[in-house]
1. Using mean Cβ contacts within 10 Å as the protection proxy, how do 544-556, 280-292 order, highest first?
2. If a paramagnetic tag sat 7 Å from the Cα of residue 85 along the Cα-Cβ line, which residues of the stretch 102-123 would have the backbone N under 18 Å from that point?
3. Helix-only estimate, please: 222 nm mean residue ellipticity of the chain, summing -39500 (n - 2.57) across DSSP H runs of length 4 or more and dividing by its residues, to the nearest 500.
4. List, in order, the whole-Hz ³J(HN,Hα) value for each residue of the stretch 259-266 obtained from phi through the Karplus relation with A = 6.51, B = -1.76, C = 1.60 and θ = phi - 60°; use x for Gly and Pro.
5. For the chain, calculate the relative contact order in percent as a whole number, restricting contacts to Cα pairs under 8 Å that are 6 or more residues apart.
6. Under the Karplus relation 6.51 cos²θ - 1.76 cosθ + 1.60, θ = phi - 60°, what is the ordered set of whole-Hz ³J(HN,Hα) values for the stretch 51-57, x standing for Gly and Pro?
7. Please identify which residues in the stretch 214-228 have an amide N closer than 16 Å to a label point set 7 Å out from the Cα of residue 182, following the Cα→Cβ vector.
8. Using log10 I(q)/I(0) by the Debye sum over Cα atoms at q = 0.05, 0.06, 0.07, 0.12 Å⁻¹ as the read-out, say which of (1) -0.19, -0.27, -0.37, -1.13; (2) -0.20, -0.29, -0.40, -1.29; (3) -0.40, -0.53, -0.66, -1.27 was calculated from these coordinates.
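Every number here is computed from the coordinates shown, using simple stated rules; none is lab data. What you are looking at is a predicted structure, and each value in this text was computed from that prediction instead of being measured. Cβ atoms come from the backbone with ideal geometry, glycine included; neighbour counts cover every protein chain shown.
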Amino acid sequence: MGMVGQLLLALLSGAVPAGAAYLGKLLVDDLAAPGAESGRVSLLAAGVAALAGLSAVLSSVSALTTATTGQAVNLRAQDLLYRRINDFRSLRPFEDPETQDTIRLAEQSAQNAPRQVLDFLLATVRSSITVAGFLGAVLALWPPMGLLLVGTVAVSVAGQLRLARQQADTTKSMMATARRQFFYRALLTDRRAVMEVRLFGAGPLIHRRAMDNLRQTSAATLAVTRRDAAVQSALAVLGAAVAGVAGVVIARQVLRGGVTLGEMTLFTAAVAAIQGALSSVLMQLGRTDEALQLFARYLTLLRMPADLPSGELVPRALRQGIEFDGVWFRYKPDDPWVLRGLDLILPYGQAVGLVGANGAGKSTLVKLLCRFYDPERGRILWDGQDIRTLSVDELRRRIGATFQDYMTYDMNARDNIGIGSPELMDDLERVRTAAARADIDETIAGLPRGYDTMLSRIFLDASNEKGVLLSGGQWQRVALARSLFREDAELLVLDEPSSGLDPLAEQRVHQALARHRAGRTSLLISHRLSALRDADTIVVLAGGQVVEQGRHEQLIEHGGQYAELFAAQAEGYQYALSEEPR
């Protein structure tokens, strides 16, 4: 049922109580009068009962239609929210605490605010009809009652709005604490954290911090609840006092013969109905105002400017290479520079190995290349085109990457690999080809349900069976297969793709990778220098700059930083081989 139908239901629901009260007034007057006709009394009694039943049915139907419409509105609000979050192109919004709080508040308000506004609208329509139906009788019998009701409403509105704003302010101020409490709770239940937490005996520490944050949020919520109870109690006493004064006045008029018992019944019912209707609207007003206060964060999120503007051009097919031209970058204005005027060329069709100590800027270079950030100075050129002028989505479609901090998705094996190119993830043969290149096909095929096996113990698979857990090296090969699934990628970025593999597995993987990247532009990053020996060019980063560049043999002869690093690794292996068993 559409919005018009719900409004009609609200109108009927608001009108029926007035009709039932009027029939009740006639019934009481007939019963009080001498010689009442039994037929008329029976008809009036049946009418009162019928209207009471109709009111109950209308209430149930209205609740159902409101829930249906509210659900549709909620789904639309959530859809817009998730679209907006997906529109964030850089990593900055996900590294900013204020933006994270805004996202959490937006998620919360997207679930509550649209439904609350709808409930308030329908309650206002329904209550307006109820008040209009009864107000004439109240004013006719005792006009001052109108002023009392107006005064009560004014006080109630002020109290409800004040409470709503206090509640909204509390929710906003405690969002960071609530996020932290959720983080600690996740540490207590996440399998990936459980091993370290149990081994180091950190459970009590995590528990204590989780409870500290929970106590803070609970105390703030309880303080608002106390204020709410005090205000609601005061308003209830005020309403009872008004109703009591009106009851005394009308009862005295009955004694004087100025008002019939039926009219008194109607007046009492009218006062109760008007106060109930106004109370319902005022309660909804408070909740709606609070929801709208938080909904402002939702609107703020939807209206946020682009965090990383997308270009309009489609990248040319890579035929020359990629160039870092005087690139400077730091993560925040007060942070030290990570890259300092970096000049680097990734020639078309060649493999470039990237070497450097921790913090030299290797992973940052990858993030800039994938345009998760933009340089503060300088340019990154894709076949001569500044990547800031290119469509972000089109640029990223040309890149296949395995990141150092790769994801392990709680999905089945097919989806874990196929997510590398979602539009093709149903092509099992293509998924298996990528898995074979990463030397993981045989392992996955041997799982209980093959590629449909859930790689998680958190969720059940399609057959309601428990999933399996892979080893670290197996997960790394799954992540590698994910990047290789994008077969048409023109640039392949591999950041520590074999750090978790045993020597034999690493050898097989590197042989497969060498075949796959033949003729393809590749950027290889590894602390295992032996993995980079076959690269066409090896680049050494230090202090955010290129300090050495050349083939393996050339850099060894040069005797610089690369030769020193390589000698240190080789010495470690030689020592291990020459050490006598004890």
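1. Top to bottom by mean Cβ count within 10 Å: 280-292, 544-556.
2. Backbone N within reach: 102-114.
3. Calculated from helices alone, the mean residue ellipticity at 222 nm is -21500 deg cm²/dmol.
4. 9, 7, 4, x, 5, 5, 4, 5
5. Across the chain, relative contact order equals 14 percent.
6. Ordered by residue, 3J(HN,Hα) equals 5, 5, x, 4, 4, 5, 5 Hz.
7. Of the residues in the stretch 214-228, 214, 217-218 have backbone N under 16 Å from the label point off residue 182.
8. So the calculated entry is the one marked (3).
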